Amino acid sequence: MMDASSPPASLTTDSVALLSPLALPAFATVPADGAPVSTLFDLLSVGAFRSTMYGRLLRANPALVRFHGAASEAELLAGAGGEVEGFYVEPRRREWLMQRLARDGQVTGFVSEVFRGRERERVWVTENVHVVHDAQGQVLYLEGTLEEITDRVRQQAELARSEQTLRLVTDHVPGAVFRLHFGADGQRRIDYCSGGVRELLGCTPEQMVADPMTFDRLIHPDDAARVGQAIARSVHAQQPLAVEFRVCLEGGQQKWVQVSSQPAPPVEGEMVRIGVMMDITGRKEAEALRIERDRAEGADRAKTELLSRVSHELRTPLNAVLGFAQLLEVDPTLGARHRAWTEQILASGRHLLELVDEVLDLSAAQSGRLDIQLRPVSLPAVVAESWAMLAVAAERAGLAYVETGTELPIWVLADGRRLKQVVSNLLSNAVKYNRAHGRIELQLGTDGEGVELSIRDSGAGLTPDQVARLFRPFERLGAQHSAVPGTGLGLALTRQLVESMGGRIHAESTPGVGTTFRLWLPRAPQPSGH
């Protein structure tokens, strides 16, 4: 903001040329008898003067006469003894001017706010003054020019306010905003950069303005050529630019940034672009994770599809094997040894058939071909049926089983057969992976528009990395080296079934404490008659 007593620092060097190269010949030709001065002095568009060291005017050209509101040079020189009283709004300005003249012999671009004319209008001027000496080095008088620059000061003050407002706004915008100029010689320069560049690139706006190559040096070497070509094409075609690339910062840190810019109106023959630079590292990392996830899921789908095809081919001969084994089982002539072999064939065949069914279900769920019939289902009833199939195995392992909330009439919107498959699998895992004489806690409760079923065991627990891999197909988390049977398909299929029914499932685990599975399903109204 411009101060009333001192001009903006940016104006102190913005002035017309020093009078001496232009007007001194004119002053030098003024006869001692007061004859008219040269035409050059009269035609100067800026005020020109000669004065004593004490400020009394000796000569004034027409432009200076008009500036002071006098009718003629004679009137101006006669007024107040030829002295312009109270000229400077800040009285000390004359003292400062004389100090600089005494030190340097001349002053250029001396900007001040002054009073003009009889109306004492406040205006801004720039003065150029030098001291004239005689042959012996004695001071004769001062010569100088005075130019009004009020409009220029106001424009620059308005520009400064606009720049300040722009900086206040852009400093709170994510990323860095910049203005880039392209000279006729192809050189680039940045004349504005917002404060966001500090956090983004670790450099200051002043560094970016002082050296436009600061940014170029940060571009990753593998991306530099591509970025340069994109900028050149955009500038040549006067089209918007959008380019993404890496930057290398201090300490070895790398970031992904996106630079977008638009052509702006030319300034003094230079092409100008306004742009913004954004940190997109998070987005790029998320994209990389998504690509990796898609790749892994694609591999899983391919594996499941292959197994599905194989499983279809296995079903027919497997059913034939089971059928003949069942016939042998009821044959009264079969000896004890052969009967034991038959029972082993049946057990292994049924296990293989369950595996085939799981693979087929998982493949159907992943491809959206699974037949799901949603209707109100009593969750406590499903829990009771599922636990009835596992109670004997749990008792054999010495496990304590506790239920909470199953006495409530809680209904969910689900496929009854698939829901029983889910609950049975979760309870089966709680039995298989628990410690001897451990505990299983099952709890039902409502949660807003849904119902939550939690099953907690007291097994060995899982690490965070194991929890992250828990629902992947064929992932047994090291249990394949134990005596616990399994294929690694159960939880993958469970998640697919739950999500197909509009629900969600997740696991929480602490090593050495146990694991809790939380299943959420949409709530359903209790059917009439129940």
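Overview of values
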{"read-out": "The lone exception for S424 - which of (1) surrounded by 15 or more Cβ atoms within 10 Å (Cβ to Cβ); (2) over 24 Å from S500 (Cα atoms); (3) of a type in the set (S, T, Y) it fails", "value": "(2)"}
{"read-out": "Looking only at region 36-65, and only at residues there that are part of a helix (DSSP H, G or I) and modelled with pLDDT of 90 or more, the one that is surrounded by the fewest Cβ atoms within 10 Å (Cβ to Cβ)", "value": "P62"}
{"read-out": "Members of region 177-202 found to be touching a Lys or Arg at 6+ places or on another chain (Cβ under 9 Å) and loosely packed, with under 14 Cβ neighbours inside 10 Å, listed by number", "value": "G183"}
{"read-out": "Region 345-363, residues that are over 18 Å from L306 (Cα atoms) and either in a loop (DSSP other than H, G, I, E, B) or at pLDDT below 85 (or both)", "value": "L346, A347, S348, G349, R350, H351"}
{"read-out": "Filter result for A242 (farther than 22 Å from K284 by Cβ, surrounded by fewer than 16 Cβ atoms within 10 Å (Cβ to Cβ) and in the same structural domain as D279 (by the TED database))", "value": "no"}
{"read-out": "Check on R418, under 30 Å from T316 (Cα atoms) and free of Cβ contacts under 8 Å to residues at least 24 places away in the same chain", "value": "no"}
{"read-out": "Yes/no for V227 being aliphatic (A, V, I, L, M) and farther than 14 Å from S261 by Cβ", "value": "no"}
{"read-out": "Test set (1) within 19 Å of D415 (Cβ to Cβ); (2) out of contact with any Asp or Glu (no Cβ under 8 Å at 6 or more places or on another chain) - L322 fails condition number", "value": "(1)"}
{"read-out": "Qualifying positions in region 89-124 - among the basic types (K, R) and touching a Lys or Arg at 6+ places or on another chain (Cβ under 7 Å)", "value": "none"}
{"read-out": "Matching option when the condition is at positive phi and assigned by the TED database to the domain that holds Q138, among G86, G79", "value": "G86"}
{"read-out": "Out of L362, L346, sole residue that is touching a Pro at 6+ places or on another chain (Cβ under 8 Å) and either aliphatic (A, V, I, L, M) or under 30 Å from L419 (Cβ atoms) (or both)", "value": "L362"}
{"read-out": "Filter result (more than 17 Å from L142 (Cβ to Cβ) and either modelled with pLDDT of 85 or more or assigned to a strand (DSSP E or B) (or both)) within region 79-109", "value": "V89, E90, P91, R92"}
{"read-out": "Odd one out for R290 among (1) at pLDDT below 90; (2) more than 17 Å from G175 (Cβ to Cβ)", "value": "(1)"}
{"read-out": "Filter pass, P205 being modelled with pLDDT under 90 and surrounded by fewer than 15 Cβ atoms within 10 Å (Cβ to Cβ)", "value": "no"}
{"read-out": "Selection within region 364-387 - assigned to a helix (DSSP H, G or I) and modelled with pLDDT of 75 or more", "value": "L379, P380, A381, V382, V383, A384, E385, S386, W387"}
{"read-out": "Residue in region 249-256 that is modelled with pLDDT of 90 or more and in contact with a Cys (Cβ under 8 Å, 6 or more places away or on another chain) present", "value": "yes"}
{"read-out": "One residue from P522, P511, P473 being modelled with pLDDT of 95 or more and either more than 18 Å from L427 (Cβ to Cβ) or not assigned by the TED database to the domain that holds L419 (or both)", "value": "P522"}
{"read-out": "Single residue of E441, E407, E395 found to be over 18 Å from G503 (Cβ atoms) and assigned to a strand (DSSP E or B)", "value": "E441"}
{"read-out": "Test for L491: is it modelled with pLDDT of 80 or more, touching a Lys or Arg at 6+ places or on another chain (Cβ under 8 Å) and either among the acidic types (D, E) or not in a strand (DSSP E or B) (or both)", "value": "no"}
{"read-out": "Per-region count, region 308-340, residues among the acidic types (D, E) and either surrounded by 13 or more Cβ atoms within 10 Å (Cβ to Cβ) or in contact with a Lys or Arg (Cβ under 9 Å, 6 or more places away or on another chain) (or both)", "value": "2"}
{"read-out": "Every pair of residues 6+ apart whose Cβ atoms lie under 6 Å, when the first sits in region 147-169 and is surrounded by 11 or more Cβ atoms within 10 Å (Cβ to Cβ) while the second is at pLDDT below 80 and among the β-branched types (V, I, T)", "value": "E147/V16"}
{"read-out": "Residue that is surrounded by the fewest Cβ atoms within 10 Å (Cβ to Cβ) [pool: residues in region 66-76 that are not in a helix (DSSP H, G or I) and not aliphatic (A, V, I, L, M)]", "value": "S72"}
{"read-out": "Wholly within region 132-222, strands (runs of 3 or more DSSP E) carrying at least 1 residues that are over 30 Å from L249 (Cα atoms)", "value": "139-148"}
{"read-out": "Enumeration of residues in region 418-442 that are over 15 Å from S509 (Cβ atoms) and either not basic (K, R) or not assigned by the TED database to the domain that holds L491 (or both)", "value": "L419, Q421, V422, V423, S424, N425, L427, S428, V431, A436, H437, L442"}
{"read-out": "Any hit, region 391-401, residues being in contact with a Gly (Cβ under 6 Å, 6 or more places away or on another chain) and not β-branched (V, I, T)", "value": "yes"}
{"read-out": "Every pair of residues 6+ apart whose Cβ atoms lie under 6 Å, when the first sits in region 210-234 and is charged (D, E, K, R) while the second is outside any helix (DSSP H, G or I)", "value": "D223/F245; D223/R246"}
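Residue by residue, here is whether (1) in contact with a Ser or Thr (Cβ under 9 Å, 6 or more places away or on another chain); (2) free of Cβ contacts under 8 Å to residues at least 60 places away in the same chain holds:
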{"residue": "L370", "(1), (2)": "yes, no"}
{"residue": "Q373", "(1), (2)": "no, yes"}
{"residue": "V377", "(1), (2)": "no, no"}
{"residue": "W387", "(1), (2)": "yes, yes"}
{"residue": "A393", "(1), (2)": "yes, yes"}
{"residue": "L399", "(1), (2)": "yes, yes"}
{"residue": "E403", "(1), (2)": "no, yes"}
{"residue": "P409", "(1), (2)": "yes, no"}
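The values are calculated or read from the model by the stated rules, or taken from the named source; none is laboratory data. Source: prediction; values computed, not measured. Because the Cβ atoms are built from the backbone with ideal geometry, glycine has one as well, and the counts that use them run over all protein chains shown.
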